[in-house]
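Below: one structure, written as C-alpha cells.
The values are calculated or read from the model by the stated rules, or taken from the named source; none is laboratory data. None of these values were measured; they are calculated from a predicted model. Counting neighbours? That spans all protein chains shown, and the Cβs are built from the backbone with ideal geometry, glycine included.
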C-alpha cells in the first residue's frame, strides 16, 4: 500500500487554509497504480450479491464505475443538487470545511437492491452518511461503503456506525 500512497499528491491549504487535500489524479494517471487500487477496492465485494454500485460526485464516479464494471453490476451517480435531469431526493450534510447537499434519482434503487457506495475519501463522514440515508430512503439494502482513502484522525466512521466500511489506504 505504500506504493499506492506514493502515487497520491498531497496539497496543503486546499480548498481552504488548514485542509490537506489528497489528490488522487496522480494515482489515476498511473496505469499500474490505478489498476492496483481498483483491484483492491473491488476484490472484497466479489460474490457478495451486490447488484448496484453508487458513486459519489465526483471522484466516486471514476472509482465507482470501475468497481461496478469489475463486479459486473450497474452504476448510479449521487450528484450535487441540480445536476440530475429526472426527479430526485436530496440530503444535506456537513463537511470539515462547510456544508453541502447531494441528490440521487428517485427511481435509482429498487427496494431490497443490495448496494455498495464507493467514494475516494472518508474524512468526517458527512457525505458518506448522507449517501447512506439516500440509499435507505429509496429502500436499498446497504451492503457497505468502500473508500480509496480514509483519514482516520477525522473520525468519519463515527457517523457511519453500524455500517460495513472498507478503506484501501489509511492516513
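Residues of the stretch 112-123 include at least one that is within 13 Å of the chain's Cα centre (by Cα) and farther than 23 Å from residue 71 by Cβ. Residues of the stretch 92-107 that are touching a strand residue (DSSP E or B) at 6+ places or on another chain (Cβ under 6 Å) and touching a residue at least 40 places away in the same chain (Cβ under 8 Å): 102, 104. Kindly indicate whether any position in the stretch 114-123 is over 30 Å from residue 3 (Cβ atoms), modelled with pLDDT of 95 or more and buried (at least 20 other Cβ atoms within 10 Å of the Cβ). Yes, because at least one residue in the stretch 114-123 is over 30 Å from residue 3 (Cβ atoms), modelled with pLDDT of 95 or more and buried (at least 20 other Cβ atoms within 10 Å of the Cβ). Residues in the stretch 26-38 that are part of a helix (DSSP H, G or I) and either surrounded by 12 or more Cβ atoms within 10 Å (Cβ to Cβ) or touching a strand residue (DSSP E or B) at 6+ places or on another chain (Cβ under 6 Å) (or both): 26, 27, 28, 33, 34, 36, 37, 38. Only residues that are at positive phi and modelled with pLDDT of 95 or more were counted in the stretch 1-35, giving 1.
Checking each residue in the stretch 124-151 for being closer than 21 Å to residue 90 by Cα, within 11 Å of the chain's Cα centre (by Cα) and in contact (Cβ under 8 Å) with a residue 40 or more places away in the chain picks out 127, 128, 131, 144. Only a single item in (1) crowded, with 20+ Cβ neighbours inside 10 Å; (2) farther than 17 Å from residue 84 by Cβ; (3) modelled with pLDDT under 95 is not met by residue 127, and it is number (2).
Residue by residue, here is whether (1) touching a residue at least 40 places away in the same chain (Cβ under 8 Å); (2) part of a helix (DSSP H, G or I); (3) touching a helix residue (DSSP H, G or I) at 6+ places or on another chain (Cβ under 7 Å) holds:
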residue: 7; (1), (2), (3): no, no, yes
residue: 16; (1), (2), (3): yes, no, no
residue: 22; (1), (2), (3): yes, no, no
residue: 41; (1), (2), (3): yes, yes, yes
residue: 47; (1), (2), (3): no, no, no
residue: 53; (1), (2), (3): yes, no, yes
residue: 66; (1), (2), (3): no, yes, yes
residue: 75; (1), (2), (3): no, no, yes
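For the stretch 79-90, the condition of being touching a residue at least 12 places away in the same chain (Cβ under 8 Å), touching a helix residue (DSSP H, G or I) at 6+ places or on another chain (Cβ under 7 Å) and either assigned to a helix (DSSP H, G or I) or crowded, with 18+ Cβ neighbours inside 10 Å (or both) holds for none of the residues.
The one condition from (1) in a strand (DSSP E or B); (2) surrounded by fewer than 18 Cβ atoms within 10 Å (Cβ to Cβ); (3) at pLDDT 95 or above that residue 111 does not meet is (1).
If you go through the stretch 152-171 and keep only what is buried (at least 19 other Cβ atoms within 10 Å of the Cβ) and touching a residue at least 60 places away in the same chain (Cβ under 8 Å), you end up with 168, 169. Only one entry of 145, 134 meets the criterion of being in contact with a strand residue (DSSP E or B) (Cβ under 6 Å, 6 or more places away or on another chain) and either part of a helix (DSSP H, G or I) or surrounded by fewer than 24 Cβ atoms within 10 Å (Cβ to Cβ) (or both), and that entry is 134.
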